[in-house]
1. Whole-Hz Karplus ³J(HN,Hα) for region A:132-141, in order, using 6.51 cos²θ - 1.76 cosθ + 1.60 and θ = phi - 60°, x for Gly and Pro?
2. What ranking do A:212-224, A:128-140, B:57-69 get when scored by the average of other Cβ atoms within 10 Å per residue, highest first?
3. Given 0.36 nm per residue, what is the gain on full extension from A:S228 to A:E76 after removing their alpha carbon distance, in nm?
4. Determine the distance separating the Cα centre of region B:122-167 from the Cα centre of region A:207-229; give it in Å without decimals.
5. R0 = 60 Å: FRET efficiency of A:A55 with A:E329, Cβ-based, nearest 0.05?
6. Using only protein heavy atoms and a 1.4 angstrom probe, determine the accessible area buried between A and B, summed over both sides, in Å² to the nearest 100.
7. Taking H placed 1.01 Å from N in the peptide plane, check which residues at least 5 places from A:W250 or on another chain put their amide H under 5 Å from its amide H.
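The values are calculated or read from the model by the stated rules, or taken from the named source; none is laboratory data. Here the structure is a predicted model, which is why all the values come from computation and not from measurement. Cβ sites come from the backbone with ideal geometry, for glycine too, and all protein chains shown count toward neighbours. Side chains included, ligands, DNA and RNA excluded: accessible areas come from the protein's heavy atoms. Shrake-Rupley method; radii C 1.70, N 1.55, O 1.52, S 1.80 Å.
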Amino acid sequence: MTTNGHPEPADRAGRELGPHSGPITEAELLAGIEGDAADRVGSNARVAAMRADRAVLRGLARDAAPDGLLEAALDEALGEIDGDTLRKLGEGTPTSDRLPVSRVLPERFSLVTWLRAHPQRVALAAAAVVVLAVGTMAGLAVRGWLRASPVSSPPIAMEHGARPAAPAESAAAQDPVHAAPTSNQPGEAVIAESTPTDTGEAPGQPDFFAGAKLLAEGRLYVLARGGSSAKVGAALKALTDQRIGPDHSWEIAMGMPGSALASLDLPEIRQPVFASDDTEAVEVILPRRSAWTAKLSATPTALAALVDGLRDAGLEVTLHEVAKPVAIEPRLDADDVLWWSRPPSTWKRTVAAPVVVETLP
Amino acid sequence: MSRPDPDILRRAQAGDRDALDVLLRPELDRVFATCRRMVGGRQEAEELAQDALVKVIRGLPTYDGRASLSTWMTRVTINACLSWMRSRARHSGRRPISLEQPDTLAGEPGVAPGVQPDEKARLERALDGLKPEHRAILVLRDVRELDYEAIGAALDLPIGTVKSRLFRARAALRVALEEDERAGKPERVEDA
């Protein structure tokens, strides 16, 4: 029976073959319909009707594909593939937090290849360059206006308990690892630190304006420290679980290339450290260092948000100047590529800053 | 069964637009014809064909060359069609049959001599009432003119099952046509 409650045509066709035909299979009936076994079943009325049905079906129009079908499909599919690629580029992860620092380099994003893959992108890129040039000129004009304005150039407000910004001498006392041998010596100068104080007062604030300037020049790295493996582990987990700061002000984007890390000229920290809180047994801490890259706008606000994010994760944070720009580029995602589609007020240059996380009491 | 040029295939799998064009353009009409006979309406067929082609392009890196490209694309296309038909059935029940204007049928290219527009309309109504699996195998056999082996590859069925299902599909089509004749309303449109 069919699903409609009618007898199976196979049964009816079989019965109509008559008593001399014997049992007939579906395969034989099919062969009769399609012309391979006409002798056996060809005279059956229902089979003949099904053969006629086939002829009508084969005679139906075979419309040609409409113009532009393939082009539309290519546009859609390649656009989806590009979107996926850009999303993946923005999801690089550091691969190691052990010493010596080693990592698999993330796949490099080649702007030239990306542009060549699609002719329309060249035009888009040209338009973006024009917009960028206009935006830069406007930005310079605004910057000049801001410098001329007394309101725009106050010293950085220091919260109570804060230390003055960028005194290399005080930084040296607080940070023996990155102590500057002389003041204003690029390469190891601590701009200021953001460390919770013992008295519970608000931590000192780095000079974010100076930091943002160095950030734009690629000459800034962020050092974040925790006093125990557990503390740093929890902080790293917090950072990797929620790698994007509020309002996307910063993003922990990927591990850092070894060459870029080497250019920071960080001191070796392989020696074990013995730590005790006076009441418990002495803990042996093996110093560890992991290197990350934060993607953020080169603005004091974004830098402050990054420092706050690291501090909220339980780390002590200092900002450090290096002599030469660190050779890392931010990995672009769809938002970065489409920056021109957002309001002009949000147009900021996106940069990458090294974030070195150490377990070191 | 022809295999694509390895260099063209490799470039196409890497997303090279020109290579994709070279590889896919010869298959365009077959993809569209499959969709056209699976869903009936031309506009729906265009959307479905584009969707199927997008799936082909995105899935091309998984094509290993064991089947012919045409067979592999047929499989992707048929799966897209079946998925679309099942989704439509879930969300809106059976759609009203899309009937073309009778006066446009006679002049439509490709209609075999002797096939009357009325016959074609009846056949399309009957096809629309079939289960998607039955419709698919009839389209592959009679519209695409594939042999049993290629149909088996496209539907992932052994040849014995292909023959059995094909016969049952023909039988179901005959029943539907006879019901249509009994109803004697060639211009009717089914309700959902």
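1. Going residue by residue, I get 5, 4, 4, x, 5, 4, 5, x, 5, 4 Hz, with x marking Gly and Pro.
2. For the peptides A:212-224, A:128-140, B:57-69, the packing ranking is A:212-224, B:57-69, A:128-140.
3. Details: separation 152, 0.36 × 152 = 54.72 nm, distance 5.05 nm.
Gain on stretching A:S228 to A:E76: 49.7 nm.
4. 66
5. Numbers: r = 66 Å, r/R0 = 1.10.
About 0.35, to the nearest 0.05.
6. Buried area between the two chains comes out at roughly 4500 Å².
7. Here A:G245 satisfy the definition.
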